[in-house]
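What follows is a structure written as structure tokens; I'll ask about it next.
Derivation of every value follows stated rules applied to the coordinates shown; laboratory data play no part. It should be emphasised that the depicted structure is a prediction, and the values quoted were computed from it without experimental measurement. Cβ placement follows ideal geometry from the backbone for every residue including glycine, while neighbour counts extend to all protein chains displayed.
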Amino acid sequence: MTGLDRTRRAFLGDMTKGMAGVALSRLLLRDLAAAPRAPHFAPKAKQVLQIFCPGGASHVDLWDYKPMLEKYHGTPLPGAATEVTFQGKNGNLMKSPWAFRPAGQSGKMISSLLPRMAAHVDDMAFIHSMTSRTNTHGPGCIAMNTCFPREGFPSAGSWVSYALGSLNENLPTYVAVQDLRGEPPNGKANWGNGFLPAQYQAVALAAHQPLRNLARPASVDPAAEQATRDFLHAINAEHAGARPGNDELQARMSAYELAAKMQLAAPEVSDLAREPAHVHALYGTNDANALKAAYARNCLLSRRLLEKGVRYVSLYCASRASAVDGLLNWDAHKTLKADYERHAPIFDQPTAALLADLKQRGLLNDVLVIWCSEFGRMPTHQEGTAGRDHNPDAFTTWMMGAGVKGGVSHGATDEFGRRSAVDVTTVYDFYATVLRLLGLEHEKLTYYHNGANRRLTDVHGHVIERILA
């Protein structure tokens, strides 16, 4: 045997043993990064659907019935003659342009703007005493998603992904479904990972914007592609092994591996043509209103993602502010009636259909649904307009689904809806409750960063026990 043969044999033997080690380390890495992890205690919910309406959706025109606004319409808000809010001085009290009507067995009063959503009130738990630390859209949106009004902190979906891992092998753990009209205020910061490892940020997609670059070029043979992937896995794992603790590198490797798996899974889950005609009719995916049809398709996509085991889905209805207030989102400063009669039909049928579809498929046994906006609006009209200014001191959110007591309301605003007055609630309380339903103790879910054990709920938060089943 020549020296060359011995060298070749040694090389091949070492490579074989090395490849086995690489394969094992790769499997371990995948399992650690993606496998479901144990919660702190038995969960009531396993997944979350967050529905977000950016722009500061008006509580007093949608969810929070205030008969005193009707009685005192056109008169000054008591004690607020000189009050100045976000865009300036306010005028007199302004009743809602739409009647409120009792709905469900609970008799909950809901705006006639939302006739389809009214059918679900007996399954909803309303929180009528929410407050925000900011009256500005960008900081308000990220505060409602991260509990902090400035960028750089992980979103709630990222915290949940970090805490619980994935429920599937072929799709992302966390998905942000963007509206056709664009990203919400402050964009990707709403679903970013902050200081958590990058693998916990959301993957952004939509029915109108499928994931790009997933298809294999026709010129590439499937066997050759698989062989290339296997070789890359080995090289990547060896590269990562020499650089322990590099979260960005691990996240990039995980992302590429997930992308390979998604070549099959993502086109399937995004193929809405697989749904029967009666489901499309239920959601309104072919509506003559192009914006409503686009949002309806996103609602249907969200159900399919949840059905396939995506842990956290954030679904947006509307986008960032534009040069014309209230045109692209719920920010009705000047023309409340015209703006909401444009936005509410886009939201009402598709969202109600999504809730009904989740319920009839039994998905609400595992899925917690939460609805949010970044703040509310004033009970007065903005001086010189027929719209309402921002109101961070009072707004409504709601939950339904796994672990939630339906047909109840927590907290209350004052008689005009100007300020939260009873059981005042914060975003910290809101997410402490979400985490509780997922089997997580909000004070124990921490990540060490910059010398401190950071939490989603910062140093605040109390579980809203009243709305738990």
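Can you give the calculated 222 nm mean residue ellipticity of the chain, where each DSSP H run of n ≥ 4 adds -39,500 (n - 2.57) and the sum is split over every residue, rounded to the nearest 500 deg cm²/dmol? Intermediate results must be reported in sequence, preceding the final value.
On the way: 11 runs with 165 residues, N = 469.
For the chain, the value works out to -11500 deg cm²/dmol.
Taking the Cα centre of the chain as the origin, how large is its charge dipole in debye, to the nearest 20, when only Lys and Arg (+1) and Asp and Glu (-1) carry charge on their Cβ atoms?
Value, rounded to 20: 520 debye.
Now for a separate question. Projecting each Cα onto the charge dipole of the chain (Lys/Arg +1, Asp/Glu -1 at the beta carbon, about the Cα centre), which of 430, 41, 52 comes out farthest on the positive side?
41
Suppose every K and R has +1 on its Cβ and every D and E has -1 on its Cβ; what is the size of the dipole of region 101-160 about the Cα centre, in Debye to the nearest 20? Don't skip to the answer; put the middle values down first.
Values: 5 positive and 3 negative charges, 31 e Å.
Rounded to the nearest 20 debye, it is 140 debye.
Please give the charge dipole size of region 294-338, origin at the Cα centre, charges +1 on K and R Cβ atoms and -1 on D and E Cβ atoms. Round to the nearest 20 debye. Please list the in-between numbers first.
Values: 8 positive and 3 negative charges, 43 e Å.
Charge dipole, region 294-338, about its Cα centre: 200 debye, nearest 20.
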